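Peer 1: Below is the structure I would like to discuss, written out as structure tokens.
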Amino acid sequence: IMKNKRAENVKSGPVTLERVAKLAGVSPSTVSRILNGTAVVSDEKRKAIDEAIAELGFVPNPVARGLAGGRTLSIGVVTQAIDSPFYGPALRGIEDELDSAGYSPLFVSAHWNPVTEGRCIDVLRSRRVDGLIVLNGRLSDQALKNTAKHLPIVVTGRSIKGGGLFALNFDNFAGGVLATEHLISLGHRKIAFISGDAAHPDANERFRGYTTALKNASIPFDPQLVVSGDYQVDGGLNATDQLLSNRRKFTALFAANDQMAYGAALSLHRKGLKIPEDVSLIGFDDLYHSIYVAPPLSTIHQPAYELGRLTASAILQMLADTKPTAVMPAPKLIVRESTAKP
């Protein structure tokens, strides 16, 4: 008889907290407090509630629970390309860190478009997220400061200060110096450079690192050995084709990210040039696949997964009214088989 009554209960409409309470023989407030971890009840009552939840298939609503405490337990994350080989691990890091704290991320892509980025932030705010993580992006500092008046924000890829704002930046300048100094230490003097998009602060910093290392080694800067890229594989391919068509000799090539280095390697291969026998090649980021290309790519390690975890940790600290302590690790030179003496 009891099983039949329970079966009827299971089938009678949507599963609510009130139904769990009725089946367990307790008040709805007791169930709510147990789910929130604020109730002290007997083992017998707790067991009855656990059995009722299991039998009814009740799934607590995190939004409703969060709203009761003034929060939705969600964090908005604005990335630029959700399928990016660099930002993918960063998103995973954000997800892992938030999950351990009971928060959920809402991911949106802005595609390096400031108008789209602004719209993404408006959408996330309409979803009542508790905070925002903005991975790089092109919104102005002032636009971010205005948003931070209403919502805490952690932003990467720039240096910015303001109320409700925390910036987490990687030392791209030092990374650019490291990559160039590595080539110089091998004996290279004709070092070509494929820059990233000039609208990206990190691209400009990597280029500044390149020119600074040349200057420190008393190597004249040759603008004909610098070609603009777009941080994409095709951009690296086209930029290297352009460098080779200029007939300006170089023995080493520094691509401002690994994706462009992949395209550069293909261009060199098509022209019958071997890496590193004819041209040494170094990238930046240390993407997962860089160790598996032929030959394995020398690069500058930028910990994307750690970047994600640190941004999530910082936003959680802000929500707890604690000053964020996150600091990005320093860039690290990874030497593989794509660089050698000229």
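Peer 1: In this structure, is Gly118 out of contact with any Lys or Arg (no Cβ under 7 Å at 6 or more places or on another chain), on the phi > 0 side of the Ramachandran plot and modelled with pLDDT under 95?
Peer 2: When the stated conditions are applied, Gly118 does not pass them.
Peer 1: Moving on to the next point. Look at region 291-307 and say how many of its residues are outside any loop (DSSP other than H, G, I, E, B), under 18 Å from the mean Cα position of the chain (by Cα) and closer than 12 Å to Asn257 by Cβ.
Peer 2: Final tally of qualifying residues: 2.
Peer 1: Of all residues in region 15-28 being of a type outside the set (A, V, I, L, M) and over 40 Å from the mean Cα position of the chain (by Cα), which is surrounded by the most Cβ atoms within 10 Å (Cβ to Cβ)?
Peer 2: So, considering only residues that are of a type outside the set (A, V, I, L, M) and over 40 Å from the mean Cα position of the chain (by Cα), the one surrounded by the most Cβ atoms within 10 Å (Cβ to Cβ) is Arg19.
Peer 1: Hey, Val155 hits all of (1) of a type in the set (A, V, I, L, M, F, W, C); (2) within 17 Å of the chain's Cα centre (by Cα); (3) surrounded by fewer than 22 Cβ atoms within 10 Å (Cβ to Cβ) but one; which does it fall short on?
Peer 2: (3)
Peer 1: Can you tell me which residues in region 239-248 are under 31 Å from the mean Cα position of the chain (by Cα) and either surrounded by fewer than 20 Cβ atoms within 10 Å (Cβ to Cβ) or of a type in the set (D, E, K, R) (or both)?
Peer 2: Within region 239-248, just Asp241 meets the criteria.
Peer 1: Name the single residue, out of those in region 37-64 being of a type in the set (Val, Ile, Thr) and open to solvent by less than 40 Å² (accessible area, probe 1.4 Å), that is modelled with the lowest pLDDT.
Peer 2: In this case the residue turns out to be Val41.
Peer 1: Scan region 176-187 and give yes if some residue there is over 16 Å from Leu333 (Cβ atoms) and modelled with pLDDT of 95 or more, otherwise no.
Peer 2: Checked against the condition, which is being over 16 Å from Leu333 (Cβ atoms) and modelled with pLDDT of 95 or more, region 176-187 yields at least one hit.
Peer 1: Continuing with the same structure: If you check Ile282 against the conditions, is it buried (at least 24 other Cβ atoms within 10 Å of the Cβ) and in contact with a Gly (Cβ under 8 Å, 6 or more places away or on another chain)?
Peer 2: In short, no.
Peer 1: For residues that are assigned to a loop (DSSP other than H, G, I, E, B) and modelled with pLDDT of 85 or more, scanning just region 16-26, find the one that is farthest from Val129 (Cα to Cα).
Peer 2: Within region 16-26, the match that is farthest from Val129 (Cα to Cα) is Gly25.
Peer 1: A follow-up question, please. Which of the following residues is surrounded by 18 or more Cβ atoms within 10 Å (Cβ to Cβ), not in a helix (DSSP H, G or I) and not hydroxyl-bearing (Ser, Thr, Tyr): Ala199, Ala203, Ala167?
Peer 2: Going through Ala199, Ala203, Ala167 in turn, the sole match is Ala167.
Peer 1: Considering each of Gly236, Gly196, Gly187 in turn, give the residue that is touching a residue at least 40 places away in the same chain (Cβ under 8 Å) and at positive phi.
Peer 2: Gly187
Peer 1: Can you report the number of residues in region 185-194 which are surrounded by 17 or more Cβ atoms within 10 Å (Cβ to Cβ) and part of a helix (DSSP H, G or I)?
Peer 2: Total meeting the criteria: 0.
The values are calculated or read from the model by the stated rules, or taken from the named source; none is laboratory data. Note that the structure is a prediction, hence the values are computed from the model and not measured. Note that each Cβ is placed from the backbone with ideal geometry, even for glycine, and that neighbours are counted across all protein chains shown. Heads up: the accessible areas ignore ligands, DNA and RNA and are worked out on the full protein's heavy atoms, side chains in. Shrake-Rupley method; radii C 1.70, N 1.55, O 1.52, S 1.80 Å.
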